[in-house]
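Notes follow once the structure below has been shown.
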């Protein structure tokens, strides 16, 4: 096989051109520190780099979501702490109001204090975040969740029951807020006591309900205690009915003894004083009644403003109201604590996910750097080796191209 001079020259020129192009590419990589300037440098590596870059963007968004969600939950937690503090102060005032030595003026003063606390609670229930959004309005965060009823008792909830959520990882979303209805108009199923109430005309007084057996299936019943006074001998008896029916109840009237406990399923209640004929007491599950904390406080304020003077029946009415209100406030307080516990749990989950995210971002950045970046020492060595090879080829070609048969024959 013979190779012509033109073929030889073309092969050498092409080889040196390729080396020159390779040197140019290597120089660009060394200058930029980037191994992949264009997709053609490494199509598979370029595709992997695109995926890693997209993943980095997604992880960054999760990080932003986590920060936003944690900020929202921290604000809610702070607000709920303030709410529980106000409810604690109200409970103290309720205990004070039960002092029989107080005058009507004293109770008026307590009513004023409780009204102020009630207004503070309404302000907290209508709390907004830094963007002016109401944190307890559910998905209607542009609408104030609560407004006073025109009747002067209780509030209207203007938000919705939707829960605002935010995605904090590829497979996890968390609620970043709670509805005002669940905080200020509900009770915790597991942390609430049965609510005693009495007819306004009662002369006897009822105490808070004691829980004796939480597993008793009849604790969900509503119990009604009716008193009767015999016109013959003046003796007092009572009968207890339940809805749904409780088969453990006595079927005949029972003699009444002041301050003795009356068993109601797994609960008991204590009646004091001298109940009159027709007095009626009710003990109902907390979830079955109106749990609007604002309505509870409005009724309390109205009761404290009623003059009592020396009337024993008026004092009994107030005592019964205080017993009902005290239980309801306690249930609302426990509900707020339960919500606060849930908020704290969600905050901890976000913080845990944040640690996982930090690890993922570090690994992603490392993988991308390994794929995109060059080994500077190795690249410089390869560049110099290629450059020396090119220079040697150029020198050899320069010498060879001067050779010809005529020069040889002439010598």
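Selection of the range 94-106 for residues being more than 19 Å from residue 328 (Cβ to Cβ) and in a helix (DSSP H, G or I) yields 104, 105, 106. Just for the range 297-320: of the residues that are buried (at least 23 other Cβ atoms within 10 Å of the Cβ) and in contact with a helix residue (DSSP H, G or I) (Cβ under 8 Å, 6 or more places away or on another chain), which one is nearest to residue 155 (Cα to Cα)? Ranking the qualifying residues of the range 297-320, first place goes to 297.
Any residue that is touching a strand residue (DSSP E or B) at 6+ places or on another chain (Cβ under 7 Å), modelled with pLDDT under 90 and within 30 Å of residue 136 (Cβ to Cβ) - is there at least one of those in the range 50-61? The answer is no; no qualifying residue exists. Taking the residues in the range 272-285 that are at pLDDT 90 or above and closer than 30 Å to residue 188 by Cβ as candidates, determine which candidate is farthest from the chain's Cα centre (by Cα). Among them, the one singled out is 280. When you check residue 259 against the structure, is it part of a loop (DSSP other than H, G, I, E, B), in the same structural domain as residue 219 (by TED's automatic domain parsing) and surrounded by fewer than 14 Cβ atoms within 10 Å (Cβ to Cβ), yes or no? The answer is yes for residue 259. Taking the criterion of being under 35 Å from the mean Cα position of the chain (by Cα) and crowded, with 16+ Cβ neighbours inside 10 Å, the residues of the range 103-114 that qualify are 110, 111, 113, 114. Once the range 289-307 is narrowed to residues that are in contact with a strand residue (DSSP E or B) (Cβ under 8 Å, 6 or more places away or on another chain) and in a helix (DSSP H, G or I), the residue that is nearest to residue 67 (Cα to Cα) is 294.
Of the residues 132, 123, 177, 162, which is out of contact with any strand residue (DSSP E or B) (no Cβ under 6 Å at 6 or more places or on another chain), surrounded by fewer than 16 Cβ atoms within 10 Å (Cβ to Cβ) and within 26 Å of residue 88 (Cα to Cα)?
123
The values are calculated or read from the model by the stated rules, or taken from the named source; none is laboratory data. What you see is a predicted model; the values in this text were computed from it and never measured. Neighbour counts run over all protein chains shown; Cβ positions are idealised from the backbone, glycine included.
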